[in-house]
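Trainee: My questions will all concern the structure given below.
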Amino acid sequence: MKNVGEAPQEELAAGLRSDHSTRNRVARSILDHGPSTVADLAGRLGLTQAAVRRHLDTLVSENVVEPREQRVYGARTRGRPAKVFALTDCGRDAFDQSYDTLAVEALRWIERHAGGEAGVAAFARDRIEAQAQAYRAAVESAAPEARTEALAKALSADGYAATARSAPVGEQLCQHHCPVAHAAEKYPQLCEAETEFFSKLLGTHVQRLATIAHGDGVCTTFIPRGAPQDGTSAPGAVPRDGSTQTTSTTPSASASTAGRNPA
């Protein structure tokens with residue numbers, strides 16, 4: 001049984017993923033064909049010019065593309081030159097890079113030569129700690145009841161497309177994008193360190209219900225409402241099917257399940 005309000009949230013998430021996919025197609029078309037007009041892009045991608053403009057507005061705001069005046073070779077015709085859109089250096093860096101492969105190879109080296117799984121886990125914790133300042137500032141400046149939402153906004157600023165939504169006995173932090181999903185698929189210590197960090201930051205036990213790295217559409221973390229921090233008890237978590245799941249509270253998330261989907 002779905003929670004009240006869950007379907008609209010799922011439809012919104014699906015719409016966000018669809019928009020993101022189309023924007024990637026727009027940016028990829030510019031990469032493949034060079035600076036392009038709205039009409040060029042609409043023709044190549046089978047979209048309306050209005051839809052192309054909407055995606056370009058977002059790409060411009062994200063510093064992925066920039067508008068330019070079209071270069072004219074030979075005699076200039078009457079009227080203003082057509083506006084074209086070109087990739088920025090930031091946008092170009094997003095394509096055809098081997099960062100995912102490099103990250104996996106680096107983690108494999110750590111696993112083999114610098115402490116095995118414990119070494120990978122130590123790296124993962126250090127990595128999230130290096131990014132923690134903005135998250136701490138956002139959460140600490142928010143009222144207790146608004147901290148999950150504040151964390152979601154801070155994560156979104158780092159590209160995680162995160163949202164917070166209410167659940168019957170708590171909240172769910174949903175991350176619709178994961179920049180390290182490929183590496184986390186092979187090294188779940190990255191997910192586990194993130195979940196442990198969320199637990200410490202929010203001052204309560206949390207439970208990871210789903211991860212993009214393990215085939216789910218969204219990384220979902222359950223945060224119980226009003227859970228004590230002394231490890232005595234915890235409310236039941238609400239998994240994706242809406243059933244109640246009982247969990248035991250610890251000061252931080254379980255290292256054995258934080259990056260993996262519950263059975």
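Trainee: For the pair Ala82 and Lys186, what calculated FRET efficiency results from E = 1/(1 + (r/R0)^6), where r is the Cβ-Cβ distance and R0 = 51 Å, to the nearest 0.05?
Mentor: Approximately 0.65, to the nearest 0.05.
Trainee: Related question: Need the full-extension length gain, Lys153 to Ala39, defined as separation in residues times 0.36 nm minus the C-alpha distance. One decimal, nm.
Mentor: Numbers: separation 114, 0.36 × 114 = 41.04 nm, distance 3.48 nm.
Working it through step by step, the gained length comes to 37.6 nm.
Trainee: Next up: Using a 1.4 angstrom probe on heavy atoms only, work out the carbon and sulfur share of the accessible area of the range 54-203 in %.
Mentor: Exposed carbon and sulfur together represent 49 percent of the surface.
Trainee: May I pose another question? Quick one: Karplus J couplings for the range 26-39, per residue in order, coefficients 6.51, -1.76, 1.60, θ = phi - 60°, nearest Hz, x for Gly and Pro?
Mentor: Computed from phi, the couplings for the range 26-39 are 4, 5, 5, 5, 5, 4, 6, 10, x, x, 9, 7, 4, 5 Hz.
Trainee: Between Arg208 and residues 5 or more places away or on another chain, which pairs have amide H atoms under 5 Å apart, with H built 1.01 Å from N, and which residues are they?
Mentor: It is Phe222, by chain and number.
Trainee: A further question on this structure: Return the distance in nm (one decimal) between the two label points of a simple spin-label model at Asp57 and Asp89, each offset 7 Å from Cα along Cα→Cβ.
Mentor: Computed distance between label sites Asp57 and Asp89 equals 2.9 nm.
The values are calculated or read from the model by the stated rules, or taken from the named source; none is laboratory data. Being a predicted model, the structure only gives us computed values, none of them experimental. Don't worry about glycine lacking a Cβ; one is built from the backbone with ideal geometry, like all the others, and counts go over all protein chains shown. What goes into the accessible areas is simple: the full protein's heavy atoms, side chains included, and nothing from ligands, DNA or RNA. Shrake-Rupley method; radii C 1.70, N 1.55, O 1.52, S 1.80 Å.
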